[in-house]
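K.L.:
Have a look at this one.
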Amino acid sequence: MQNVLVTGGAGFIGSNFIRYLLATSPIVRITNLDAMTYAGSLENLINLPDPSRHILVQGDITDAVLVGHLLRRYEIDTIVHFAAETHVDRSVLNPQQFIQTNVLGTFTLAEAARQYWLVDQSLHGRVLRFHHISSDEVYGSLKPGEPAWDENCPYAPNSPYAASKAASDHIVRAYGHTYGLPFSITNCSNNYGPYQFPEKLIPLMVLNAWGGKVLPVYGDGQQIRDWLHVADHCEAIYLVITKGKVGETYNIGGGSQPTNLEIVYQLCAILDELYPESPHTPHKMLIQFVADRPGHDQRYAVDFSKIQRELGWKPRHNLGDGLRQTVEWYLDHPQWVSAIQNQPDYQAWISKNYQSRPEKTG
Ligand code: NAD
Ligand code: DAU
């Protein structure tokens, strides 16, 4: 791995991965292709280790001419594909962009890689890899007591977001099967940590609680997610790219599965402890149960024994410590927070999503 194209590297996981890769691998050069949607931010790329080995190109993964040009211009041997529309609630309200970016964008990248690597044979003899970042949501939703998902579980996506990720996985796998594209896929559970856009549960709750705003818990708050610190996800991706088998899928999870309500209580307790003088202590008084997400998946749990067995990976962060560090990170970065909270799009999203969710009574 020498010349890496990271897509979506100005977003949450992509920017954490770029930091990780620059710090871990002293020779790689990174081209970061990001459309800089509402979720991408230059603030996520401040203070990179050795920034001279990173360039940001603002552009869209559905732009076949641009993607082909970047592959040739930077002699890309490795693609790590994060770019996507990622928020389930946005996919419920506006699914079209999810099909455009997640399905057509992934197709465009796979086709460009096929042309450059396999048809033109431009990097003949070099080790090549197309790594696709995907989600555990492709597997659908688990009932209580059902075993965690392994790599052989059938796909059963429930939201437009999950369906678009499932479609993108199938495209990548089909390119491997039909054309011999040297691919790998990782399906990961819910990430948390620094630089996560505050539309997602954990940063939204931390910042709302800190600001004395309502903490909107969907439905009864008894849904379960499998939480993983983003640094553990980055390490797993790096291992799969460098040591994982071509043509394989690896599931990645945190092994920690609280209910949403337990997560929100835990975040409130951390804030109470760190800032007992806050006028909003006890922060749990801000919790409000609101109308549920349509089609809300009940439970996620990932069996990560394959990556553990084959590559020796397991999560390093425990959830309690990881959440505390995460709360501290958001409160220590007011400039990052206000840059997002002052975006007109962010205010518009919060109004659109939460005004249509009246408080539940009874
Ligand atoms: P994010 O929403 O924080 O960032 C997405 C990035 O992609 C942004 O920088 C955005 O500008 C960019 N982007 C969007 N559309 C683009 C386009 N058409 N062309 C180029 N760039 C575009 O997302 P994230 O949470 O960092 O997720 C990254 C990847 O990981 C996604 O593929 C997501 O499905 C997957 N994933 C996320 C999680 C999670 O918990 N966040 C868990 C498992 C898998
Ligand atoms: O499982 C992996 C997936 O995790 C990723 O593929 C997605 O990109 C990522 O967004 C995430 O999806 P979720 O829908 O699970 O994450 P979110 O943070 O949006 O919600 C987590 C849970 O919290 C979910 O059950 C809905 C609930 N929730 C969320 C928000 C934003 C609330 O109760 N209130 C809220 O305001």
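K.L.:
Computing the accessible area with a 1.4 Å probe over protein heavy atoms, can you report the carbon and sulfur percentage for the range 42-105? If you can, show how the numbers build up before the last one.
P.N.:
Values: 1590 of 3030 Å².
The C+S portion of the solvent-accessible surface of the range 42-105 is 53 percent.
K.L.:
Next question. What's the magnitude of the charge dipole for the chain around its Cα centre, counting Lys and Arg as +1 and Asp and Glu as -1 at the beta-carbon? Answer in Debye, nearest 20. Write down the numbers at each step before the final one.
P.N.:
Numbers: 28 positive and 36 negative charges, 103 e Å.
Using Cβ point charges on Lys, Arg, Asp and Glu, the chain gives about 500 debye.
K.L.:
Using per-residue counts of other Cβ atoms within 10 Å, averaged over each peptide, order 273-283, 52-62 from highest down. Spell out each step's value before the answer.
P.N.:
On the way: 273-283: 12.9, 52-62: 17.4.
Packing order, densest peptide first, comes out as 52-62, 273-283.
K.L.:
With a 1.4 Å probe and all protein chains left in place, how much of the accessible area of the range 187-261 comes from carbon and sulfur atoms, in whole percent?
P.N.:
About 51 percent, which is the carbon plus sulfur part of the accessible surface.
K.L.:
Quick one: dipole size for the range 29-86, taken about the Cα centre, charges +1 on Lys/Arg Cβ and -1 on Asp/Glu Cβ, in debye to the nearest 20. Please list the in-between numbers first.
P.N.:
Working: 4 positive and 8 negative charges, 45 e Å.
Dipole magnitude for the range 29-86 comes out near 220 debye.
K.L.:
Next up: What pairs from 200/360; 200/306; 165/314; 284/360 go past 19 Å between their alpha carbons? Write out the running numbers ahead of the final one.
P.N.:
Working: 200/360 21 Å; 200/306 28 Å; 165/314 24 Å; 284/360 17 Å.
Correct reply: 200/360; 200/306; 165/314.
K.L.:
Next question. Run the numbers for residue 24 and residue 281: contour at 0.36 nm per residue of separation, minus the present Cα-Cα distance, in nm. Write down the numbers at each step before the final one.
P.N.:
On the way: separation 257, 0.36 × 257 = 92.52 nm, distance 4.07 nm.
Difference between extended and current length: 88.4 nm.
K.L.:
Between residue 222 and residue 123, what FRET efficiency comes out of the Förster formula 1/(1 + (r/R0)^6) with R0 = 41 Å and r the beta carbon distance, rounded to 0.05? Don't skip to the end; give the middle numbers.
P.N.:
Values: r = 50 Å, r/R0 = 1.23.
Computed FRET efficiency for residue 123 and residue 222 comes out at 0.20.
K.L.:
Can you tell me the accessible area per residue over the chain, all protein chains present, probe 1.4 angstrom, in square angstrom?
P.N.:
With all protein chains present, the chain gives 42 Å² per residue.
K.L.:
Okay, moving on. State the answer as a single residue: which of 86, 259, 221 lies farthest towards the positive end of the charge dipole of the chain, with beta carbon charges of +1 for Lys and Arg and -1 for Asp and Glu, about the Cα centre.
P.N.:
Comparing the listed Cα positions along the dipole, 86 ranks first.
K.L.:
Right, another one. Run the paramagnetic zone check for residue 339: 7 angstrom along Cα to Cβ, then residues of the range 172-209 with backbone nitrogen under 14 Å.
P.N.:
Backbone N within reach: 195-198.
K.L.:
Reachable aspartates and glutamates from residue 243, Cα under 14 Å, same-chain residues fewer than 8 places away excluded?
P.N.:
Hits, sequence-local ones excluded: 235, 310.
K.L.:
Per the helix-only calculation at 222 nm, which mean residue ellipticity applies to the chain, given -39500 (n - 2.57) for every DSSP H run of n ≥ 4 and division by its residues, nearest 500 deg cm²/dmol? Before the final figure, lay out each step's value.
P.N.:
Working: 12 runs with 138 residues, N = 362.
Roughly -11500 deg cm²/dmol at 222 nm, from the helical runs in the chain.
K.L.:
Report the net charge of residues surrounding residue 69, where surrounding means a beta-carbon distance below 15 angstrom and charges are Lys +1, Arg +1, Asp -1, Glu -1.
P.N.:
Details: positive: 72, 73; negative: 60, 63, 75, 111, 120.
Neighbour charge sum, excluding residue 69 itself: -3.
K.L.:
Under a point spin-label approximation (7 Å from Cα along Cα-to-Cβ), what is the residue 178-residue 296 distance to one decimal in nm?
P.N.:
Each label point lies 7 Å from its Cα, and together they span 4.0 nm.
K.L.:
Taking the alpha-carbon centroid of each part, what is the distance from the range 21-46 to the range 139-166 in angstrom?
P.N.:
The two parts, judged by their Cα centres, are 29 Å apart.
The values are calculated or read from the model by the stated rules, or taken from the named source; none is laboratory data. Please read all numbers here as calculations on a predicted model, not as lab measurements. A quick note on method: Cβ atoms are made from the backbone with ideal geometry, for glycine too, and the neighbour counts reach across all protein chains shown. Note: accessible area is taken over every heavy atom of the protein model, side chains too, but ligands, DNA and RNA are not part of it. Shrake-Rupley method; radii C 1.70, N 1.55, O 1.52, S 1.80 Å.
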